[in-house]
Amino acid sequence: MVSIVRLRELLENIIWQENELYNLYKLGETFASSEKPSFMSHFSWLASEELRHRMTVEGFLEEGMLEGTPIIDYLDALGLEPYFKDERVEPKTLEDLILDALIREKHSYELYSKLSKILEGSLSEIFLMMANEELKHAYRLKIMYEMLGE
């Protein structure tokens with residue numbers, strides 16, 4: 001029973017983290033509208049990706065899909081603390097926002113990669129896909145960061 005509670009906590013933390021990224025990207029749209037209009041579509045796309053991730057994990061939580069999976073055996077060994085120490089950020093500039101988002105994307109990538117290695121079958125594939133998407137997000141953010149000076 002303790003493992004199920006921890007599993008629920010893990011999924012709720014992932015949902016919170018995905019929601020934080022979604023909110024950052026919506027704020028990015030606002031910043032971009034006045035500072036860098038060419039970034040607006042990028043932030044909109046990133047926000048939609050994080051919303052989809054959040055909804056996927058909410059589905060896992062609601063349907064109990066991860067209950068009875070090997071993940072429960074590894075919860076203590078996963079070392080998840082760094083991934084959820086992020087607090088709500090309130091960036092003052094577009095540059096700060098991108099840097100904050102990069103850190104969160106890195107954490108999401110690492111977490112989803114770990115989960116994909118523990119799980120099997122379609123669940124493993126879903127987390128691997130999400131990890132790869134987080135990597136793409138980080139790459140896009142890196143390019144956007146480099147374009148800030150232009």
> So for the chain, taking the charge dipole from beta-carbon charges (+1 Lys/Arg, -1 Asp/Glu), which of Ser48, Gly59, Ile71 sits furthest toward the positive end?
Replying inline: Ser48
> Using Cα pairs under 8 angstrom and six or more residues apart, how large is the relative contact order of region 2-147, in percent?
Replying inline: 24
> Dipole size in debye (nearest 20) for the chain around its Cα centre, Lys and Arg Cβ +1, Asp and Glu Cβ -1?
Replying inline: 220
> Can you give the helix-only mean residue ellipticity at 222 nm for the chain, where every DSSP H stretch with n ≥ 4 adds -39500 (n - 2.57) and the sum goes over all residues, rounded to the nearest 500 deg cm²/dmol?
Replying inline: -27000 deg cm²/dmol
> So which residue, out of Glu50, Glu110, Glu62, gets the largest mean-square fluctuation from a GNM of the chain using Cα contacts under 10 Å as springs?
Replying inline: Glu62
>> At 0.36 nm per residue, and after removing the present C-alpha to C-alpha distance, how many nm does the segment from Ile103 to Glu120 gain when stretched out fully?
In response: 3.4 nm
> Angle, helix 2-35 long axis vs. longest principal axis of the chain, Cα atoms, 0 to 90°, nearest 10?
Replying inline: 10
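Please pull out the direction-averaged projected area of region 2-147, using the convex hull of its alpha-carbon atoms, in nm² to one decimal place.
Numbers: hull surface 32.5 nm².
If I average the Cα hull's projected area over directions, I get 8.1 nm².
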>> Lysine pairs in region 2-147 with Cα distance under 20 Å, only those 8 or more apart or on different chains: how many are there?
In response: 16
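Values in this text are rule-based calculations from the coordinates and carry no lab data. No experiment lies behind these values; they were computed from the predicted model shown. In this analysis, Cβ positions are derived from the backbone assuming ideal geometry, glycine residues included, and neighbour counts consider all displayed protein chains.
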